[in-house]
Amino acid sequence: MSALRPDPASPDRPACEGGTPIRDSLLPFFRLDLGREEEEAVLAVLRSGWLTTGPQCERFEAAFASYTEARHAIATSSCTTGLHLILHAAGVGPGDEVLVPAMTFPATASAVLHAGARPVLVDVLPEQLTIDPAAVAAAIGPRTRAIVAVHLAGWPAEMDALRALAAERGVVLIEDAAHAIGTRYRGRSAGTLGDAASFSFYANKNLTTCEGGMVTTARDDWARTIRVARLHGIDVDASRRDGRGYRHWESVALGWKYNLNDMQAALGLAQMPKLAAWQARRVAIDRHYRAALAQVEGVAVLRGPDGGETSAHIFPVLVDTERLRIDRDALLQALLAEGIGVGVHYRALPLHRFFREDLGFRAEAFPVATDASHRTLSLPMFPALAGAEIDQVVAALARILRYYAR
Ligand SMILES: Cc1ncc(COP(=O)(O)O)c(C=O)c1O
């Protein structure tokens, strides 16, 4: 790791203008940190003779249910397929509308399309970038069947207000908990804050199964439907075929191929005991960033709702680009030139061609999400990120902002 190395001739000249980079190797935006436990768990499954959905999945589901204090946890092939299964269980289909925040990953809305329903985009809160309850209240109409709240970056959405609206207007409240492994709200875990939730175990998530997801719900009827629908619509007991006997299995409903396999489940299960320590480290990094960035003019950090605790999945900031001679995209390149990995979470859905041209959304209708799309960037965040590395990230950002200030 390189120490801070200001250029003695011109300490403020950024690397993209010929200054000395703050780091001489790239600090990645995200670094995976798996070890022997994960390797051994996956090998054990490979050697066991049972590869697909089976005992490891059951154990992983039980561990995740206990972690989130959810009544049911059902492993899926991804968060996206989990969202689709929830919408299916909720009876959402053609002719229905589902409210989705404009500031999210496309999957939140595409799951609604997979269910045959229409996603209706809703603007987000300016300092939180989660779905705006007032905009939700205005958007609920006679066809609205569900609201999907995204816990963006790991901060919970305004769940009390959303739950009250959902109850009052008779619609379902679903958590897109892709970023929310470790998120809490008023003493309760994400996954228990609405009617059902879908988590992601994609490769860069707080816990990963390469690809994978988990649905949590307190509703027994939905849990049953989702279990059956995730694996071809076959009745569940008979699908646990262990090769020792034979029972006819039966197709009892429409289903998909959305199950998680046992190698993936074992990989996830091996990380469960590590989650608490990883979470503590992520939160410490989040605090370190906040304290250091408080000294940097022109950068705002996201905040959560009252009573919210973040999973610190990612660390997006909002840059006041009006103070700068460069735009956000040039800023991303300038940070990369300093050796700092970056991400963008997100460019709002109406800025994407599919949402604009095929679905007809206009960016102007979502001013908060659109404005944030041009000002947000995410800084490196992973449990092994060192304090000195955080200082380098902040020093690089501060140097670039100073240099390009109007
Ligand atoms: C907010 C959000 N929702 C849904 C997804 C989709 O997750 P998956 O890749 O597990 O389907 C992602 C993926 O990163 C996401 O960020």
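The values are calculated or read from the model by the stated rules, or taken from the named source; none is laboratory data. Just so it is clear, the model here is predicted, and its values are computed rather than measured. In this analysis, Cβ positions are derived from the backbone assuming ideal geometry, glycine residues included, and neighbour counts consider all displayed protein chains.
Per-structure values
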| quantity | calculated |
| --- | --- |
| Residues satisfying the stated conditions in segment 308-343, i.e. closer than 17 Å to PHE382 by Cα, touching a Phe, Trp or Tyr at 6+ places or on another chain (Cβ under 7 Å) and either away from the ligand (no atom under 16 Å from the Cβ) or part of a strand (DSSP E or B) (or both) | PHE315, GLY341, VAL342, GLY343 |
| Qualifying positions in segment 52-85 - of a type in the set (Val, Ile, Thr) and not in a helix (DSSP H, G or I) | THR52, THR53, ILE74, THR76 |
| Test for ALA337: is it surrounded by fewer than 16 Cβ atoms within 10 Å (Cβ to Cβ) and either in contact with a Pro (Cβ under 7 Å, 6 or more places away or on another chain) or in contact (Cβ under 8 Å) with a residue 24 or more places away in the chain (or both) | no |
| Residue in segment 31-44 that is touching a strand residue (DSSP E or B) at 6+ places or on another chain (Cβ under 7 Å) and away from the ligand (no atom under 12 Å from the Cβ) present | no |
| Long-range neighbours under 6 Å by Cβ, at least six apart or interchain, first residue farther than 17 Å from LEU275 by Cβ within segment 178-207, second within 15 Å of the ligand (Cβ to nearest atom) and of a type in the set (Asp, Glu) | LEU193/GLU175; GLY194/GLU175 |
| Qualifying residue in segment 367-383 (condition: within 16 Å of the ligand (Cβ to nearest atom), surrounded by 20 or more Cβ atoms within 10 Å (Cβ to Cβ) and more than 30 Å from ARG13 (Cα to Cα)) | yes |
| Whichever residue in segment 86-99 is part of a helix (DSSP H, G or I) and within 15 Å of the ligand (Cβ to nearest atom) and, among such residues, is surrounded by the fewest Cβ atoms within 10 Å (Cβ to Cβ) | LEU87 |
| Identity of the residue in segment 163-193, in a loop (DSSP other than H, G, I, E, B) and within 12 Å of the chain's Cα centre (by Cα), that ends up surrounded by the fewest Cβ atoms within 10 Å (Cβ to Cβ) | GLY182 |
| Members of segment 258-270 found to be part of a helix (DSSP H, G or I) and not small (Gly, Ala, Ser), listed by number | ASP262, MET263, GLN264, LEU267, LEU269 |
| Residue within segment 390-400 that is surrounded by fewer than 18 Cβ atoms within 10 Å (Cβ to Cβ) and over 30 Å from LEU121 (Cα atoms) present | yes |
| Residue within segment 190-212 that is more than 16 Å from the ligand (Cβ to nearest atom), touching a Leu at 6+ places or on another chain (Cβ under 9 Å), acidic (Asp, Glu) and at pLDDT 95 or above present | yes |
| Which numbered condition ILE22 misses (of (1) surrounded by fewer than 23 Cβ atoms within 10 Å (Cβ to Cβ); (2) more than 28 Å from the chain's Cα centre (by Cα)) | (1) |
| Given (1) touching a residue at least 40 places away in the same chain (Cβ under 8 Å); (2) surrounded by fewer than 17 Cβ atoms within 10 Å (Cβ to Cβ); (3) over 15 Å from ILE226 (Cα atoms), number of the condition PHE64 does not satisfy | (2) |
| Filter result (more than 15 Å from the ligand (Cβ to nearest atom) and of a type in the set (A, V, I, L, M, F, W, C)) within segment 213-236 | ALA218, TRP222, ALA223, ILE226, VAL228, ALA229, LEU231, ILE234, VAL236 |
| Residues located in segment 100-158, provided they are within 16 Å of the ligand (Cβ to nearest atom) and at positive phi | LEU129, ALA153, GLY154 |
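For every residue, the table says whether it meets (1) in the same structural domain as ALA197 (by TED's automatic domain parsing); (2) farther than 16 Å from GLN271 by Cβ.
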{"position": "SER25", "(1), (2)": "no, yes"}
{"position": "THR52", "(1), (2)": "yes, yes"}
{"position": "GLN56", "(1), (2)": "yes, no"}
{"position": "PHE64", "(1), (2)": "yes, no"}
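For every residue, the table says whether it meets (1) part of a helix (DSSP H, G or I); (2) surrounded by fewer than 19 Cβ atoms within 10 Å (Cβ to Cβ).
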residue: MET272; (1), (2): yes, yes
residue: ALA276; (1), (2): yes, yes
residue: ARG281; (1), (2): yes, yes
residue: ARG287; (1), (2): yes, yes
residue: ASP306; (1), (2): no, yes
residue: HIS345; (1), (2): no, no
residue: PHE354; (1), (2): yes, yes
